[in-house]
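So the structure is just underneath, and the comments pick up after that.
The values are calculated or read from the model by the stated rules, or taken from the named source; none is laboratory data. All values reported here derive from a predicted model rather than from experimental measurement. Here the Cβ positions follow ideal geometry from the backbone for every residue, glycine too, while neighbour counts run over all protein chains shown.
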């Protein structure tokens, strides 16, 4: 006899928006509703703080995200990178305006990993430059999702 719906543990759906924040671009990725996989959604070209925040709020609302994950730049010895404070401030302002939590996640080497993935995919230099931040956001989010799922 198949198990009834009452025997199944309810699955909590959560969408997480990951940001790979750079000086010129912000790579975006979102989790599937079950929090298992990461999908790249776009790269935002930075304009100014208010415009960037408005566009990020629109994306967060469109995907109905319940958490913001931001890649935290760190040096190889673990010290925060020079952009860490600005990245955290942007993400926290976004999270506060949406009323959702913000989590910082170590992003060391993700851009290098993203470059390697794109080179293996044989993309042109121009195409790689346009999507590397998005791929980095996917890698940041996927590592976070794997950590969350192993911790359950």
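Take the conditions assigned to a helix (DSSP H, G or I), in contact with a strand residue (DSSP E or B) (Cβ under 9 Å, 6 or more places away or on another chain) and either at pLDDT below 90 or loosely packed, with under 15 Cβ neighbours inside 10 Å (or both) and apply them to residue 54. Does it pass? In short, no. For the residues 61, 47, the requirement of being out of contact with any strand residue (DSSP E or B) (no Cβ under 6 Å at 6 or more places or on another chain) and outside any loop (DSSP other than H, G, I, E, B) singles out 61.
As a summary of the residue check, residue 88 satisfies the conditions (1) at pLDDT 90 or above; (2) closer than 21 Å to residue 132 by Cα; (3) in contact with a helix residue (DSSP H, G or I) (Cβ under 9 Å, 6 or more places away or on another chain) except for the one numbered (3).
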